[in-house]
1. Of the residues Leu211, Leu184, only one is surrounded by fewer than 20 Cβ atoms within 10 Å (Cβ to Cβ) and touching a His at 6+ places or on another chain (Cβ under 6 Å); which?
2. Just give me the residues in the range 73-90 being surrounded by 22 or more Cβ atoms within 10 Å (Cβ to Cβ) and among the polar types (S, T, N, Q), in sequence order.
3. Give me a count of the residues in the range 238-269 that are among the hydrophobic types (A, V, I, L, M, F, W, C), in a helix (DSSP H, G or I) and closer than 18 Å to Ser77 by Cα.
4. Within the range 224-236, how many residues are surrounded by fewer than 17 Cβ atoms within 10 Å (Cβ to Cβ) and either among the hydrophobic types (A, V, I, L, M, F, W, C) or at pLDDT below 90 (or both)?
5. Residues Thr17, Thr80, Thr31, Thr76: which one is β-branched (Val, Ile, Thr), modelled with pLDDT under 85 and under 24 Å from Ile227 (Cα atoms)?
6. In the set Val178, Val162, which member is under 27 Å from Gln231 (Cβ atoms), touching a residue at least 12 places away in the same chain (Cβ under 8 Å), out of contact with any helix residue (DSSP H, G or I) (no Cβ under 7 Å at 6 or more places or on another chain) and in a helix (DSSP H, G or I)?
7. Does Ile239 qualify as being at pLDDT below 95, more than 30 Å from Leu211 (Cα to Cα) and surrounded by 15 or more Cβ atoms within 10 Å (Cβ to Cβ)?
8. Collect the residues in the range 132-141 that are in a helix (DSSP H, G or I) and buried (at least 18 other Cβ atoms within 10 Å of the Cβ), keeping them in residue-number order.
Amino acid sequence: MQLSQRRSAIAMLAPATGLIAVFIMVPMLLTIWLSFQNWSTQTGFSTARFVGVQNFLDIFSQTTIGRDFKAALVNTSLYTAASVAIILPLSVALGLLVHQKVAPGGVFLRTVLFSTYMVPMIAVALVWSKLYSPTEGPLNQMLGWIGIGRQTWLSSPSTALVSIVILNVWQQVGYFTVLAVAGLTQVPEALYEAAKLDGANPVQRFFTITLPLLGNTLLFSAVIAIINAVQVFEPVALITQGGPVNATNVLTYHIRRVGIERAQGGLGSAMAVTLMLALIVAIALLFAVSRRADRT
């Protein structure tokens, strides 16, 4: 009986496992192999020449290749940190607003918020590029109504990356709000009733009951938000092309520029592997901090 069940489980898992191996594991292993090769994307894999860790040394060197890569790494880090720092608190606040039973319309608000996540990022990028227009853009027109001058938004190095972050928050926050609502539904109502009897006000109940019990939900949300932010590509490719003055040149776009446009497949693969390792380290640190917080 156990042997039959094991065979049935293997048979049911085989298609999904095969697809994962073909479309995820094989390209990942191929990218790792290419990161140690000197290879042009305009030629076949047979032309790849082993160079060891030279590609990794180049992308962290003081040459133009290294400076551009490190600048893209910094831009990606800033974009990721800003996106997560805004999305998580905002999703909790909106989740509390949706989950509360005092005012009507919670289901409608939840639907509206989640609908933004269903819109393809390409469409979101095109719409927001018009909203950010310095002359006829609605955002600058509304700022003019309250006496604030026109903002450069995407055409200034000091505001371009922030503008992309705002776009990402608008598109992503609905999904994370739904996650926050799902976490709030798991908080026992009896805890709130007991806290009320002890004289705790809403702020105290939030910090002593709601926020601690949302820990696992926030950890999951943070991991997903980091992964989504690191993979940003469409807004940069469609709106800014890495500009102005490389202010929005994030790693995914820079890898495409190096690996495909410049045909430096080995360097592009080394950058992709470095990005993957940085993502793994960031998530591992996040889990380590979470475990330490749980112990204390």
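1. That would be Leu184, the only listed residue that is surrounded by fewer than 20 Cβ atoms within 10 Å (Cβ to Cβ) and touching a His at 6+ places or on another chain (Cβ under 6 Å).
2. If the condition is that a residue be surrounded by 22 or more Cβ atoms within 10 Å (Cβ to Cβ) and among the polar types (S, T, N, Q), then Asn75, Thr76, Thr80, Ser83 are the ones that fit.
3. Residues of the range 238-269 among the hydrophobic types (A, V, I, L, M, F, W, C): 238-239, 245, 247, 250-251, 255, 258, 260, 263, 267.
From the residues that got through so far, the ones that are in a helix (DSSP H, G or I) too are 238-239, 251, 255, 258, 260, 267.
This time we only want the ones that are closer than 18 Å to Ser77 by Cα, so: 251, 255.
Total meeting the criteria: 2.
4. Step one: filter the range 224-236 for residues surrounded by fewer than 17 Cβ atoms within 10 Å (Cβ to Cβ), giving 224, 227, 231, 233.
Pick out the ones that are also either among the hydrophobic types (A, V, I, L, M, F, W, C) or at pLDDT below 90 (or both) and you get 224, 227, 233.
Total meeting the criteria: 3.
5. Numbers: Thr80 fails: modelled with pLDDT under 85; Thr31 fails: modelled with pLDDT under 85; Thr76 fails: modelled with pLDDT under 85.
Exactly one of Thr17, Thr80, Thr31, Thr76 is β-branched (Val, Ile, Thr), modelled with pLDDT under 85 and under 24 Å from Ile227 (Cα atoms), namely Thr17.
6. Working: Val178 fails: out of contact with any helix residue (DSSP H, G or I) (no Cβ under 7 Å at 6 or more places or on another chain).
Result of the check over Val178, Val162: Val162.
7. Working: at pLDDT below 95: yes; more than 30 Å from Leu211 (Cα to Cα): yes; surrounded by 15 or more Cβ atoms within 10 Å (Cβ to Cβ): yes.
It is true that Ile239 is at pLDDT below 95, more than 30 Å from Leu211 (Cα to Cα) and surrounded by 15 or more Cβ atoms within 10 Å (Cβ to Cβ).
8. Step one: list which residues in the range 132-141 are in a helix (DSSP H, G or I), which gives 138-141.
Selection gives Leu139, Asn140.
The values are calculated or read from the model by the stated rules, or taken from the named source; none is laboratory data. Treat the numbers as computed from the prediction; the structure is a model and nothing was measured. Don't worry about glycine lacking a Cβ; one is built from the backbone with ideal geometry, like all the others, and counts go over all protein chains shown.
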